[in-house]
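Just below is one structure, and these are the notes that go with it.
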Number of protein chains: 2
Amino acid sequence: MLTDDLRFKALKHVQDNPQLTQRELAGLLGVSLGRTNYCLQALIEKGLLKAANFRNSKNKRAYMYKLTPSGLREKTALAVRFIKRKELERQALLGEIAELQRELEQQPAEEKA
Amino acid sequence: MLTDDLRFKALKHVQDNPQLTQRELAGLLGVSLGRTNYCLQALIEKGLLKAANFRNSKNKRAYMYKLTPSGLREKTALAVRFIKRKELERQALLGEIAELQRELEQQPAEEKA
DNA sequence: ACCCTTCCGTTCACTCATTGAACAAACGCC
DNA sequence: GGCGTTTGTTCAATGAGTGAACGGAAGGGT
């Protein structure tokens, strides 16, 4: 489904290490090989990544996935959105925790089975 | 799939308002009617909920879903687990935010297209 | 040069959770 | 009793996700 989260992590890992294979990346992303492949192709089609031949000029199987300038901008934009979203999540989380603790105190112990 | 999260929310909402219909509960849970039904039946089978006839003693379609004592204990236990899990999530989130901000500062602006 | 192994990206048939339209039961109302 | 409404229940269809299998290409050994 190519969520924002997956997109961001993919861009980030590729930037950190362009020589990652799809299998390695799949491991880092925590998704399957098939989905990783689909994700990379989508990013390439959008122009956010470019697949360069790794060693020489011939058709080779091992690629280097490099961020394009537009890919770098996209990653930065995603990061900004993430900070905002994560902050909101954190707020919600704190609220939930407070509510849970309130509930726990209301029902101190139900000893009997 | 009946995740912990769904279980907890279901128990919570049912406790707050036992007269909820499955459709209303589905709306609160953010999942489909079918899944809500599946979830409720699973909770009933586990003895965490009991479906009481709403008004009179005859077979009626509208139920009241009440927490059993064991359901109350389960909900409390889930709450405890949630507090721990959510705290960990919060820590991870803070870490991520810090990392994202570091990245943003590293790449102040890519103006050119 | 040749073969064989290994590693890569790519594909696609399968699985399985999820959905929501359709159905049946049971009520209130007239 | 009849009708419309509301409820729980079912299940065919959908769609995302998986990972085994494939073919291409490099490397190593002889």
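The values are calculated or read from the model by the stated rules, or taken from the named source; none is laboratory data. Note that this is a predicted model, so its numbers are computed, not measured. A quick note on method: Cβ atoms are made from the backbone with ideal geometry, for glycine too, and the neighbour counts reach across all protein chains shown. Side chains included, ligands, DNA and RNA excluded: accessible areas come from the protein's heavy atoms. Shrake-Rupley method; radii C 1.70, N 1.55, O 1.52, S 1.80 Å.
Things worth noting here:
- Solvent exposure, largest accessible area first (probe 1.4 Å, DNA, RNA and ligands not counted), of A:T36, B:T68, B:T3: B:T3, B:T68, A:T36
- Among the residues of A:74-80, the average count of other protein chain beta-carbon atoms within 10 Å of the residue beta-carbon is 3.
- Copy-to-copy label separations for B:G95, where each label sits 7 Å from Cα toward Cβ, in nm and ascending: 2.7
- Ranked from shortest, the separations from the 7 Å Cα-to-Cβ label point of A:K46 to its equivalents in the other copies are 3.7 nm.
- Residue by residue, the stretch A:62-74 carries 3J(HN,Hα) couplings of 7, 9, 10, 9, 10, 6, 7, x, 5, x, 5, 5, 4 Hz when phi is fed to the Karplus relation 6.51 cos²θ - 1.76 cosθ + 1.60 (θ = phi - 60°); x denotes Gly or Pro.
- Residues with amide H under 5 Å from that of A:L49, placed H, sequence gap 5 or more: A:I44, A:T68
- Trypsin sites (Lys or Arg not before Pro) restricted to the stretch B:1-93 and DSSP loop, no more than 14 other C-beta within 10 Å: B:K46, B:R55, B:K58, B:K60, B:R61
- Average accessible surface area per residue within chain B, 1.4 Å rolling probe, Å²: 64 Å²
- Each other copy holds its own label point for B:A77; taking that point as 7 Å from Cα along Cα to Cβ, the gaps run 4.8 nm, nearest first.
- Percent carbon-and-sulfur accessible area, chain A, ignoring ligands, DNA and RNA, probe 1.4 Å: 51 percent
- Derived scalar couplings between HN and Hα for the stretch A:47-52 equal x, 8, 10, 10, 9, 9 Hz in order, rounded to whole Hz, by the Karplus curve 6.51 cos²θ - 1.76 cosθ + 1.60 (θ = phi - 60°), x for Gly and Pro.
- The rotation axis taking chain B to chain A passes closest to this chain B residue's Cβ, listed with the gap in Å: B:R90, 3.
- Under 5 Å between amide hydrogens, built in the peptide plane, is the criterion, and for B:L2 it picks out nothing among residues at least 5 positions away or on other chains.
- Solvent-accessible area lost on pairing A with B (1.4 Å probe, both sides summed) amounts to about 2700 Å².
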